[in-house]
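Everything below concerns the one structure shown next.
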Amino acid sequence: MESSLLHSAYLSIKVATIATFFVAIFGLLFSYFLATRKFKGKEIIEVILTLPLVMPPTVTGYYLIILFGRNGFIGSLIYNYTEWTIMFTWYAAALSSFIVSLPLMIKTTQASIESVDKTMIDSAYMLGHSETETAFKVIFPLAKKGIIAGIILSFARAIGEFGATLMLAGNIPGKTDTMPLAIYGLTSSGEWGKAHMMVLILTLISGVFLYVANRFSKRNF
Amino acid sequence: MAVSAKFLKKFNDFKLDVEFSMGNETLVFFGPSGAGKSLTLKLLSGLICPDQGILKINDQEVFNSESKINVRPQDRSIGYVFQNHSLFPHMTVEQNILFGAKGAQKSVAYFEMKEMLHTFHLESLEKKYPREISGGQEQRVALAMTLIRKPKLLLLDEPFSALDNHLRTTMRESLKEVKEKFNIPIIFVTHDEGEANFLGNRILVFKNGKIIEEKKGL
């Protein structure tokens, strides 16, 4: 396989793995609080966190530019202190993947945590276990089917991310061209052979991850 | 007095207003569904907070709405066996019992777990999961898991309601043995009159959120 194709495959896996790592941590945290707490404005927070699931990826990318661009709310602060911007780096691709796959993790995991029998939680409290201990020893193990399925789906979504990544990271060959971006570039320049191969690889990866996610969500532990 | 309680709790159309005290005995809460029996257990345990009231266990205040004392459920030293789903399905019998030995040294907890397995005749089941054992065995594990913590008060919310008649009778006998061996006050919720009379030293009859009658057990 050509080195440019290998680079795109390697970059996609790196970006998706890092994005999924953070999605798993933050997704679990957000899901837990949304599933176990009642507070004012909860529905608004749920909508904000889920928006990237339904918005066009270019709109998500636009918001990310406004936030993390060199002149953005957060981006300008980072640039002032470090003279570095996330724009047009692979970090931007990871950030975009993180943002678009987070809602998938939250939706799957929140439903799974909410389905844990409240008696189990009460029972753990009555046996002297704190909320954190109960979360790690009772809630998460009982919700693990949904949690694992959420992580797998997030990875599949992250590896296929295109629109927001294009907006924030650009399509710089050898630097930010993840597989979906490389496919776009190859198709535009008429390099169908390479594009075929990359499409096949991406389809296989997505298919395998979907299959595994389905198996996990049906498996009895 | 081992336990004295006075609670007021309102839920939309329902109002619970109860007051009772007990010594080292088995007290039965008897009455129809929705009378406030299980809610009273939840208020005793601290899982639900009363609107007003006071709760003393062994002369120590664990709840007082006026002086804003509200000891969290974890620290009340109350054992609670729920009606259903009292075991953790992802843990073996052994792990379930050990989960109740929170705070104990590992070797001590293990020794006590083995003792519990012996007391409740569960020796051959220690590596089995709750789905692999019978309803009666499940309730015995639930008792072992609760009692390994050495609670000062044991709450039992219709623990035998899902069992068949034969098993219920056996479990009633076992519970009497538990009372003798562990020597702690027990509050037992049921809507079965025979069970109430067999187990209770005293029976408090609940109706519409109030205690309307007090009887002696047979």
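The values are calculated or read from the model by the stated rules, or taken from the named source; none is laboratory data. Just so you know, these numbers come straight off a predicted model, no measurement behind them. With ideal geometry, Cβ positions are generated from the backbone for all residues, glycine too; neighbour counts draw on all protein chains shown.
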(message) Taking the conditions exactly as written (of a type in the set (Val, Ile, Thr), in contact with a Phe, Trp or Tyr (Cβ under 7 Å, 6 or more places away or on another chain) and crowded, with 21+ Cβ neighbours inside 10 Å), does A:THR176 satisfy them or not?
(response) yes
(message) What pairs come out if I take residues in segment A:1-18 that are more than 16 Å from A:LEU153 (Cα to Cα) and pair them with residues that are among the aromatic types (Phe, Trp, Tyr) whose C-beta lies under 7 Å away, six or more apart or interchain?
(response) A:LEU11/A:TRP90
(message) With the structure loaded, tell me whether A:THR176 is part of a loop (DSSP other than H, G, I, E, B) and among the β-branched types (Val, Ile, Thr) or whether it fails that test.
(response) yes
(request) All but one of (1) within 13 Å of chain A (Cβ to nearest Cβ); (2) over 22 Å from B:THR190 (Cα atoms); (3) surrounded by fewer than 22 Cβ atoms within 10 Å (Cβ to Cβ); (4) of a type in the set (S, T, N, Q) hold for B:ASN84, so report the exception by its number. (result) (2)
(request) Identify all residues within segment B:41-81 that are closer than 19 Å to B:VAL18 by Cα, within 11 Å of another protein chain (Cβ to nearest Cβ) and among the small types (Gly, Ala, Ser); write none if there are none. (result) B:SER45, B:GLY46
(message) Suppose the filter is in contact with a helix residue (DSSP H, G or I) (Cβ under 8 Å, 6 or more places away or on another chain), over 24 Å from B:ASP59 (Cβ atoms) and touching a residue at least 40 places away in the same chain (Cβ under 8 Å); does B:PHE30 pass it?
(response) yes
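The rows are residues; the columns are (1) acidic (Asp, Glu); (2) under 21 Å from the mean Cα position of the chain (by Cα); (3) assigned to a helix (DSSP H, G or I).
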| position | (1), (2), (3) |
| --- | --- |
| A:ILE139 | no, no, yes |
| A:GLY185 | no, no, yes |
| A:GLY190 | no, no, no |
| A:PHE216 | no, yes, yes |
(message) Looking at B:LEU87, B:LEU47 in this structure, which one is assigned to a loop (DSSP other than H, G, I, E, B), in contact with a helix residue (DSSP H, G or I) (Cβ under 9 Å, 6 or more places away or on another chain) and closer than 22 Å to B:LYS179 by Cα?
(response) B:LEU87
(message) Can you go through B:PHE14, B:PHE63, B:PHE7 and tell me which one is surrounded by fewer than 17 Cβ atoms within 10 Å (Cβ to Cβ), aromatic (Phe, Trp, Tyr) and over 14 Å from the mean Cα position of the chain (by Cα)?
(response) B:PHE14
(request) Report yes if B:LEU43 is in contact (Cβ under 8 Å) with a residue 24 or more places away in the chain, surrounded by 20 or more Cβ atoms within 10 Å (Cβ to Cβ) and more than 19 Å from the chain's Cα centre (by Cα), otherwise no. (result) no
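In the set A:ALA143, A:ALA158, A:ALA93, A:ALA135, which member is within 14 Å of another protein chain (Cβ to nearest Cβ) and touching a residue at least 60 places away in the same chain (Cβ under 8 Å)?
A:ALA135
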(request) Say whether the condition of being over 24 Å from B:GLY23 (Cα atoms), aromatic (Phe, Trp, Tyr) and more than 14 Å from every other protein chain (Cβ to nearest Cβ) is met by at least one residue in segment B:188-205. (result) no
(message) Among the numbered criteria (1) part of a strand (DSSP E or B); (2) of a type in the set (A, V, I, L, M, F, W, C); (3) surrounded by fewer than 21 Cβ atoms within 10 Å (Cβ to Cβ), which one does B:LEU55 miss?
(response) (3)
(request) Look through B:ASN201, B:ASN208, B:ASN183 and report the one residue that is farther than 19 Å from B:LYS150 by Cβ and surrounded by fewer than 16 Cβ atoms within 10 Å (Cβ to Cβ). (result) B:ASN208
(request) Examine segment B:70-84 for a residue that is more than 29 Å from A:LEU142 (Cβ to Cβ), assigned by TED's automatic domain parsing to the domain that holds B:THR190 and either at pLDDT 95 or above or in a helix (DSSP H, G or I) (or both), and state whether such a residue exists. (result) no
(request) Would you mind stating whether B:SER124 is of a type outside the set (Lys, Arg), more than 9 Å from chain A (Cβ to nearest Cβ) and outside any helix (DSSP H, G or I)? (result) no
(request) Would you tally the residues in segment A:103-133 being surrounded by fewer than 24 Cβ atoms within 10 Å (Cβ to Cβ), in a helix (DSSP H, G or I) and within 26 Å of the chain's Cα centre (by Cα)? (result) 7
(request) List every residue pair whose Cβ atoms lie under 7 Å apart, where the two residues are 6 or more positions apart in sequence or sit on different chains, the first residue falls within segment B:68-91 and is without any contact (Cβ under 8 Å) to a residue 40 or more places away in the chain, and the second residue, located anywhere, is of a type in the set (D, E, K, R) and in a loop (DSSP other than H, G, I, E, B). (result) B:HIS85/A:ASP117
